[in-house]
Structures are given as C-alpha cells and as structure tokens.
Amino acid sequence: MFEKESLKGVRERSIDFVLARRALVRAYNRGELTKDEICDAHPDLIRAASNLGVEQDSECPICAEGKVVNVYYAFGPKLPAHGRCLENRSGEVERYLLSDLEVKVYEVEVCLYCHFNHLIRILAPFVLEVESA
Ligand SMILES: [Zn+2]
C-alpha cells in the first residue's frame, strides 16, 4: 500500500453512467417503465437533495417541471455504511477524494418535483505518479 505522503499528482477519476441514464429515459419515453419505477427517491435522498443539492443546468428528463440537483455521497472504510452526504459548494468532494485513496464519491441526480433519481458518476482518487524513495 502507498503512503499518502509519497503520492504526488493525485487526481480524481470517474466512472460515468450517462449512457445508462440515457437508456433509462429512452425506456421511459417508450412506455417500458412507469414513472413510479424511476421516480422512487428515498425520503432521505430527497431531504439531502433539498438541503445540499447543487442545481444543474438541465431540466428533469421525466417531468420537465424544473432543474435537477446533484447530491454527493462519500463511501469509504472510515465512513458510515450508508455513506456521508457532502456539501460540494465548499469543495468538500475534492477534499474527501484527496484525503483517502479508498474513498469513492457517488454523484446522484435528483428531481425535487417528481423524485426521479439516477447515479451519474462515481468519483475516485486517481494516482498519476508515485514519488520514488
Ligand atoms: Zn422530475
């Protein structure tokens, strides 16, 4: 295992779920999924989204009532099993990613009107270079 001090150039990398989201919306538009099936955000997620959600430019693809917000949850060995909701405005997401190589941050899109929710990205620290001793 690397010591944190020996790492330089730690950046975030991400796994993108844009294609999965597009397929989901397409299936909904074709009538293969009902609104109940995809607008099922848990009350805790709705609460986090109203308090800490970061408003996006895009409208909700399901109800088009308003803009979606993104919520960030950190998961890692030293964090609660259900994750910790982060406040992205203060740079908390980046701070978490740089603090521990085991941390992953899940970015979830939520609509506060119809409760549509979808995983957008998983962010994880990415080591560019390790200093030689
Ligand atoms: Zn909506």
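The values are calculated or read from the model by the stated rules, or taken from the named source; none is laboratory data. Since we're looking at a predicted model, the values are computed, not measured. Cβ coordinates were reconstructed from backbone atoms using ideal geometry, including for glycine residues, and neighbour counts include every protein chain displayed. What goes into the accessible areas is simple: the full protein's heavy atoms, side chains included, and nothing from ligands, DNA or RNA. Shrake-Rupley method; radii C 1.70, N 1.55, O 1.52, S 1.80 Å.
If only one of 31, 76, 91 is farther than 14 Å from residue 119 by Cα and either surrounded by 12 or more Cβ atoms within 10 Å (Cβ to Cβ) or touching a Ser or Thr at 6+ places or on another chain (Cβ under 8 Å) (or both), which one is it? Of 31, 76, 91, the one residue that is farther than 14 Å from residue 119 by Cα and either surrounded by 12 or more Cβ atoms within 10 Å (Cβ to Cβ) or touching a Ser or Thr at 6+ places or on another chain (Cβ under 8 Å) (or both) is 76. Among the residues of the stretch 44-89, those identified as under 18 Å from residue 21 (Cα atoms) and out of contact with any strand residue (DSSP E or B) (no Cβ under 9 Å at 6 or more places or on another chain) are 62, 63, 64.
Hand me the list of strands (runs of 3 or more DSSP E) wholly inside the stretch 59-133 holding 3 or more residues that are over 19 Å from residue 43 (Cβ atoms). Break it down stepwise before answering.
Numbers: elements: 67-75, 84-86, 104-110, 117-130.
Ranges flagged: 67-75, 104-110, 117-130.
Total residues in the stretch 62-73 satisfying the condition of being open to solvent by less than 40 Å² (accessible area, probe 1.4 Å) and within 8 Å of the ligand (Cβ to nearest atom): the figure is 4.
Looking only at residues in the stretch 94-131 that are among the acidic types (Asp, Glu) and surrounded by 14 or more Cβ atoms within 10 Å (Cβ to Cβ), the one that is nearest to residue 60 (Cα to Cα) is 109.
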